[in-house]
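Encoded as structure tokens, the structure appears first; notes follow it.
Computed from the coordinates by the stated procedures, all read-outs in this text should not be read as laboratory data. Values in this document were obtained by computation on a predicted structure and should not be read as measured data. For neighbour counting, all protein chains shown are included, and Cβ atoms are generated from backbone atoms with ideal geometry for every residue, glycine included.
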Amino acid sequence: MRANKTLNHPKREFLPSWQLYLFLLPATIYIIIFAYVPMAGVQIAFKNYNFNLGIWGSEWIGLENFRRFFESYQFETIIWNTISLSLYSLLISFPLPIIFALVLNSFTGLKFKKIVQSVSYMPHFISTVVIVGMLVQIFNPRTGAFGALYTFFTGDMLPDAFANPGAFQHLYVWSGIWQGIGWSSIIYIAALSSVDEHLHEAAQIDGASRLQRVRHIDFPSILPTATIMLILAVGNVMEVGFEKVFLMQNELNISRSEVISTYVYKVGLTIGTGDFSFATAIGLFNSVINFALLVMVNYAARKFSNTSLW
Amino acid sequence: MRKQVQLRKKLPASLLAFAMVGGLLAGCSGNNQPNTTTPAGEGEGTGARPVITVAVQANPNVEDYKTNHYTKLVEEAMDVELEFLELPSQVEEALTKLSLMVSSGAELPDVINIYLNESTVYDYASKGVFIPQDEYLNNPELAANFNNIPDKDFVYNAMKLPDGKVYALPRYAPNEWNEGSNRAWINGEWLEKLGLDVPQTTDELYETLKAFVEQDPNENGRRDEVGLVGSLNGWSQNPRVYLMNAFIYADPGKSYMNVKDGEVYPAFTQPEWKEGLEYMNKLVKEGLFSSQSFTQDETQLKALINVPGGMAGMVTAGSYSTFGPELDSKMTLLPPVTGPSGLAATPYSPSLPTQLWFITKDAKDPELAFKVGDFMLDPEMSLASRYGEKDVDWSDDPAVTADYLGPFEESQGLAAAVAELNPSLWNNPQNKHWNDANPAYRPLEISRTASNLKKGEDHTVPNWRPAYMEGYVPTFPEEVIVKLNYTPEELRNIANSKTAIDNYVNESAVAFITGNRPLTQWDDYLAELNKMGLDQYLEVIQAAYERSE
Amino acid sequence: MAKTQAQMGAYKEKKKKFSTHPASDRAYYIISGFCLTFVLIAVSYPLLYVLSASFSSGNAVSSGQVLLWPVDFSLEGYEAVFKNKDILRAYGNTFLYTILGTALNVCVVMTCAYGLSRPGLKGRGLFMMLFTFTMFFSGGLIPFYILMKDLQLLNTMWAMVIPGALSVYNMIIARTFIQSSIPKELVEATSIDGCSDVRFFFSFVLPLSKAVIAVITLFSAVGHWNAYFNALMFLNDRSLYPLQIILREILIMNQVDVSMIMDPELQIANAHAAAVLKYSLIVVATIPILCVYPFIQKYFVKGVMIGSLKG
């Protein structure tokens, strides 16, 4: 880190020139036109949106949309379900791809490595509907593959996993790993490929074992990437993908499986015309929490690891 | 150092090229692209026919709306040209796109011809996006075909919105088979093998299921038989509904709201509902009613029951297509069983007209647009809308229909009047009709006399309709909620409590049935419902019901 | 190039005989080999299942008989998919949108990421804030639609290319990569030599960032390949539709929404035909994009000798 210090106080010649701003120009223009100009529309969260009157003309109702959400009967349960599912998912699906990438990268057989890598990322492309259908099928106590194995070894019937509210989160998270571990590890594998090979050579000459080199060379080299990915993931805690949860829901596990997105969907269905204002309000609520979390984690990361978004 | 020079040369050059292309795209996108969002109004292309633009829903089975046979029929008869704007095939996405078009102030097509639920229609109507069609409908000259409908008063009233006006044309094709779809099927072969009669009461049903599960009717030496089973999401495959209707009338399509002497009340708070839960709990506890019914989807249900020799004694399903060739017509229709109080019922959803062909505020010639829609109600057009091209895909020529067996020919002597010459037209990509998504009127007689069964040929699927008419139709209750006319404001007020209550009622019912929650907690359950705002919810329903009467 | 490779993997563990590894490494390789094999098997199952189901008869699929291998081998799913007249044109559209969109995306992302990766840049934090903020807050669909209308992008192919020009997420990944893999000494050294920022970008940053460019190309291409929502909302003309829209239309038939249709029994006939399509659709829609990966993968395996660049 000492080298860094000298960089933070560079001599005059090293100061980036005006040319650097040129690099930022296309992205900045883009973001202003396509993100900041339409952002004025967020005000419909505080309005009773009427398509005849438009965004600016609709009636201002203040926090009414938020109140409706906070006062809804299941509010606490839904928030808890959303956050606990999200945190559990983060806890598992953040480190596993890193471990997978490290192990894969350090393995010897080049052919085998390539095969594992290119096969493991493919399930990402299978649609959620199909994945959930396969899950239901595999865990079917009577006809499923897992059910049959269970019966074979224990002589008992497998308890129906989809009937057990407690099992919902496990099924959701681990099937997510099943489908996504390869895909999520791509970025770490890419980062590992830029590790300076001289370091490995030097360490090998010093007699470092493979595991030691993974720990002391490979891991530190992807740490900045991992930190940034963690910051971004934490900034996503309130978002739980709608489709998969919805498809995995049934009346037996709904007490644990109702999350914000599925609830909003159901409320919206009742209303028929679709309630843009209500949906926007809840989206805004999620965004504010997410953004606040991101800012906090980013602050912590900057303090402790010197890596941060800004 | 050489290597680096190579590196340096290769990549940047290609990237620079990309950058230039990118810049080019961004640069020219703003100005020289013609705005084609509103294909309306530019009808000078072919002849002088007036153009009517119609928003339709994309459908993979409709190959091309523009060159479609049905389109050609309309265009020739009405001397107009139809232009199409395709909305997404998924309902919610189509709704989103429609509201985006309306919100952004873009010019709307003359006609919106997609399925919209009534509160959506009312929302658009009350904001002036759709124009009322009452004046046209009541004018026998303009609405010649509509006024020819024998039960046009019923159709007209059924389409009225809370403001008393009608904003659409009907697609009305009553079919009794769909009016009471919560059907149950019992394994006839097993009944025979065990020497049992068809159960008629809930007690007999209990005994029958017990025999199925205990006496190994599939003769494989194992107790692997399933008594009663259904699924979570298939069409009318929820077994709770069938069983509950022996205790109290229960229609999930109306959120289990019943009506007596004009007074709406919830079925799920009544003592009979509790009795029903107790009965089902007993069945589950003794292994006669598979609790997998609450977690498995339709595919799983089919995988479970469609095995050689059969696996299930009783299955709830709306369609006989649930059963595969392995069961070889072994399943027979089981009429509603009678409960301890003497009730035997089944949910009744009367056939209602669907609203289509909404004329928008931007229509250039609303009267003409209306006339085109009315023409679709012509009897022959209504048949073309479902069966395709006359004399190619269907025929009403007595010489042809004489070869076909009507669904009620054997039971009631009703001969076939419409022969479906090309039945596979319906579920395959075709260019003959709009998949019946347009105004149309086919009276009940059509559904009872249209046939695709050639006489003398083997019929792979038995004809259950006469048995259904005999067993199910008489158990329809006299007083039902036909429909509920909510205003958007009411819906907004009850949305939260309705979602919460619907969730809770279903969740609790399953918990009570599976024994996850003891029935001693029934009072807690009632108290919880009240906390959720059941009373306010009921008030709104009552108001909506009175408005719809 | 051959020489480069030889030098790159100088220590090359793979060339050694397994027995020559130290014992502790052997144990490590056995355990990790076991884990990787487990992942390989677990992950292959869904792939094999989808492939088998796509070659099975509709009846076998919809009654859940397919477990691992095709049942009642049939091509009906593929026949039905390719019977759709729009498929080929939609393929062409998707290729076009993906190539243009990805090219634009990579350019904007890399330039922006490079600019933001330089620590001395004034206002860097502010810019990052500005970009990150848009990941969380947006005006929603309606104002965006109005914007597209005002820019006259509606119902043009640019509606599929331009709105995705900058992915902030990808930009952050690229920036992090550039920051952590390009040594600061390099900036200093070249700066003293009078190398301008523009030249530094093209001569050093791009060649050293191949791996991350590969990742971003992949992410962006997959994103464009799978994009459908913008197409649904912003395109009206069938001839502009990308593949995903056509495929979704076919898939939608599978969902019977009883509340919206008058004749469920008829719709079930449709749904049955669609059950088998689901799997052949996935295969048809993913094979081309899967082919991108091997091209990209080689940039992950090759390391770059940063040390030699400094010389």
Length-normalised contact order for chain B - Cα pairs under 8 Å, 6+ apart - percent = 20 percent
query = If you count, for every residue in B:504-516, the Cβ atoms of partner chains within 10 Å of its Cβ, what is the mean?
reply = 3
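How do B:VAL54, A:VAL119 rank when sorted from fewest to most other Cβ atoms within 10 Å of their own Cβ?
Exposure proxy ranking, most exposed first: A:VAL119, B:VAL54.
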Among C:GLY64, B:GLY230, A:ILE217 - extreme Cα towards positive end, dipole of the protein assembly as shown, charges at beta-carbon = A:ILE217
key: the range C:51-98: chymotrypsin sites (Phe, Trp or Tyr not before Pro) falling in loop per DSSP and having at most 13 other Cβ within 10 Å   = C:PHE73
ask   = How large is the dipole of the protein assembly as shown about the Cα centre if only Lys and Arg carry +1 and Asp and Glu carry -1, each at its Cβ, rounded to the nearest 20 debye?
value = 9060 debye
remark   = In chain B the DSSP beta bridges are antiparallel at a rate, in percent to nearest 5, of 50 percent
query = Under 5 Å between amide H atoms, partner at least 5 residues away or on a different chain: which partners does A:SER209 have, H built in plane at 1.01 Å?
reply = none
key: Efficiency of FRET from Cβ geometry, B:GLU470 and A:ASN164, R₀ 51 Å, rounded to 0.05   = 0.75
query = So how strong a dipole does the range B:322-374 carry about its Cα centre when Lys and Arg Cβ are +1 and Asp and Glu Cβ are -1, to the nearest 20 debye?
reply = 120 debye
query = In whole Å and largest first, what semi-axes does the C-alpha gyration tensor of the range B:79-137 yield when each eigenvalue is scaled by 5 and square-rooted?
reply = 18, 17, 12
task = Taking the Cα atoms of the range C:55-133, report the difference between the largest and smallest coordinate on each principal axis, in whole Å and largest first.
result = 66, 31, 19
request  = Work out the length of the dipole vector of chain B about its Cα centre, built from +1 on the beta-carbon of each Lys and Arg and -1 on the beta-carbon of each Asp and Glu, and round it to the nearest 20 debye.
outcome  = 2640 debye
task = Grab the beta carbon distance between C:ILE99 and C:ILE41, set R0 = 41 Å, and tell me the FRET efficiency rounded to 0.05.
result = 0.70
remark   = Amide H contacts under 5 Å for B:ALA440, restricted to residues at least 5 apart in sequence or on another chain and with H modeled in the peptide plane, are B:ARG171, B:TYR172
ask   = Given the options A:SER257, A:SER193, A:SER175, which has the most mean-square fluctuation in a GNM of chain A, springs set between C-alpha atoms less than 10 angstrom apart?
value = A:SER193
request  = Once every Cα of the range C:79-309 carries one equal point scatterer and solvent is ignored, give the base-10 log of I(q)/I(0) from the Debye formula at q = 0.11, 0.14, 0.15, 0.17 Å⁻¹, two decimals.
outcome  = -0.72, -1.01, -1.09, -1.25
Hydrodynamic radius by Kirkwood, which averages 1/r over all alpha carbon pairs of the protein assembly as shown, in angstrom = 32.9 Å
Top positive-direction residue, dipole computed over chain B with Cβ charges, set B:PHE408, B:THR269, B:LEU377 = B:THR269
task = Report the equivalent ellipsoid semi-axes for chain A in whole Å, largest first, defined as the square roots of five times the eigenvalues of the gyration tensor built from alpha carbon atoms.
result = 39, 35, 16
remark   = Residues whose built amide H sits under 5 Å from the amide H of B:GLU81, excluding neighbours closer than 5 in sequence, are B:VAL51, B:ILE52
note = Summing +1 per Lys or Arg and -1 per Asp or Glu among the other residues with Cβ less than 14 Å from A:ALA167's Cβ gives 0
Backbone HN-Hα couplings from phi across the range B:139-147 [Karplus 6.51/-1.76/1.60, Hz, Gly and Pro as x] = 9, x, 6, 6, 9, 4, 6, 4, 6
inquiry  = How many angstrom lie between the Cα centre of the range B:169-214 and the Cα centre of the range C:44-72?
reply    = 32 Å
ask   = When the Karplus curve 6.51 cos²θ - 1.76 cosθ + 1.60 is applied with θ = phi - 60°, which whole-Hz ³J(HN,Hα) does each residue of the range A:137-154 get, with x for Gly and Pro?
value = 5, 5, 8, 5, x, 8, 9, x, 4, 5, x, 5, 4, 4, 5, 4, 8, 10
ask   = What's the exposure ranking of C:CYS291, C:CYS112, C:CYS35, going from fewest to most Cβ atoms within 10 Å?
value = C:CYS291, C:CYS35, C:CYS112
request  = Taking the dipole about the Cα centre of chain B, with the C-beta of Lys and Arg at +1 and of Asp and Glu at -1, give me whichever of B:PRO477, B:TYR441, B:PRO423 is farthest to the positive side.
outcome  = B:PRO423
ask   = How would you rank C:TYR293, B:TYR279, B:TYR486, going from fewest to most other Cβ atoms within 10 Å of each one's own Cβ?
value = C:TYR293, B:TYR279, B:TYR486
note = Within 10 Å of the Cβ of an average residue in A:116-129, the count of other chain Cβ atoms is 6
query = Based only on Cα atoms, what Rg/Rh ratio does the range B:206-335 have, Rh being taken as Kirkwood's radius?
reply = 1.01
query = Using the Karplus equation 6.51 cos²θ - 1.76 cosθ + 1.60 (θ = phi - 60°), what ³J(HN,Hα) coupling, rounded to whole Hz, does each residue of the range B:182-187 give in order, writing x for Gly and Pro?
reply = 7, 8, 10, 10, 10, 6
Point-to-point label distance, C:VAL198-B:ASN157, nm (Cα→Cβ direction, 7 Å offset) = 8.0 nm
query = When Lys and Arg each count +1 and Asp and Glu each count -1, what net charge do the other residues less than 13 Å away from B:VAL129, Cβ to Cβ, add up to?
reply = -2
message = At a threshold of 8 angstrom on Cα-Cα distance, excluding pairs fewer than six apart, so keeping six or more, what relative contact order does the range C:79-309 reach in percent?
response = 31 percent
inquiry  = How high is the relative contact order of chain A? Use alpha-carbon pairs under 8 Å, at least six apart in sequence, and give a whole percent.
reply    = 25 percent
message = Place a point 7 Å from Cα of B:LEU414 in the direction of its Cβ. Which residues in the range B:421-453 have their backbone N less than 16 Å from it?
response = B:442-453
